[in-house]
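**Q** Please find one structure pasted underneath; my questions will follow.
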Amino acid sequence: MDPKIATAIITKKLTENVPYNAKVTVKVGGEGYGWCAKEYQPWLQAGIEKAGAEFFGGKKTGSYGMGGSIPFLAELEKMYPQTQIVALGLIGPQSNAHAPDECINLTYAKKLTCSLSHIIGSVG
């Protein structure tokens, strides 16, 4: 959905018929299109799965949707539609992503770094 249209709809919903004479102020910023990864080509998927299994105890590689509001990736995909974008994140035990006490699990960071280097190596 066009982010400007979505912003207008949400702003209207929040500011009309406000109960208890409450004052609602909406400050808009950071509008952007969301992004969803395409299915990877088999050779890239195989590289991801092999690297993930190697550094994460043989576990099957998985993925889940998070960060769909990353407009930067949507813009990249528009500019380079044939490119396969792999978005990796570091959410390990007690990482508390985007929280006041956000921290990085160093063991997971090392595993992710090693996995990424092997994925890049498999592409070459």
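The values are calculated or read from the model by the stated rules, or taken from the named source; none is laboratory data. Note that the structure is a prediction, hence the values are computed from the model and not measured. Heads up, the Cβs are rebuilt from the backbone with ideal geometry, glycines too, and the neighbour counts pull from every protein chain shown.
**Q** Against the condition farther than 19 Å from Pro81 by Cα, assigned by TED's automatic domain parsing to the domain that holds Tyr108 and among the basic types (Lys, Arg), how does Lys38 come out, does it pass?
**A** no
**Q** Select from segment 92-111 the residues that are in contact with a helix residue (DSSP H, G or I) (Cβ under 8 Å, 6 or more places away or on another chain) and under 24 Å from Gly47 (Cβ atoms) and write down the one among them that is modelled with the highest pLDDT.
**A** Only one residue fits best here, namely Lys111.
**Q** Separate question: Just wondering, is there one or more residues in segment 20-28 that are modelled with pLDDT of 90 or more, of a type outside the set (A, V, I, L, M, F, W, C), in contact with a Gly (Cβ under 9 Å, 6 or more places away or on another chain) and on the phi < 0 side of the Ramachandran plot?
**A** no
**Q** Identify the single condition in (1) exposed (fewer than 15 other Cβ atoms within 10 Å of the Cβ); (2) of a type outside the set (D, E, K, R); (3) in a helix (DSSP H, G or I) that Leu73 does not satisfy, given that it satisfies every other one.
**A** Just one mismatch for Leu73, condition (1).
**Q** Taking segment 47-70, which residues are surrounded by 13 or more Cβ atoms within 10 Å (Cβ to Cβ) and either at pLDDT 75 or above or in the same structural domain as Lys4 (by TED's automatic domain parsing) (or both)?
**A** Listed by number, the residues that qualify are Gly47, Ile48, Glu49, Lys50, Ala51, Gly52, Ala53, Glu54, Phe55, Phe56, Thr61, Ile70.
**Q** Failed condition for Ile9, given (1) surrounded by 10 or more Cβ atoms within 10 Å (Cβ to Cβ); (2) modelled with pLDDT under 95; (3) outside the structural domain of His118 (by TED's automatic domain parsing), with all others met?
**A** It fails just one condition, (2).
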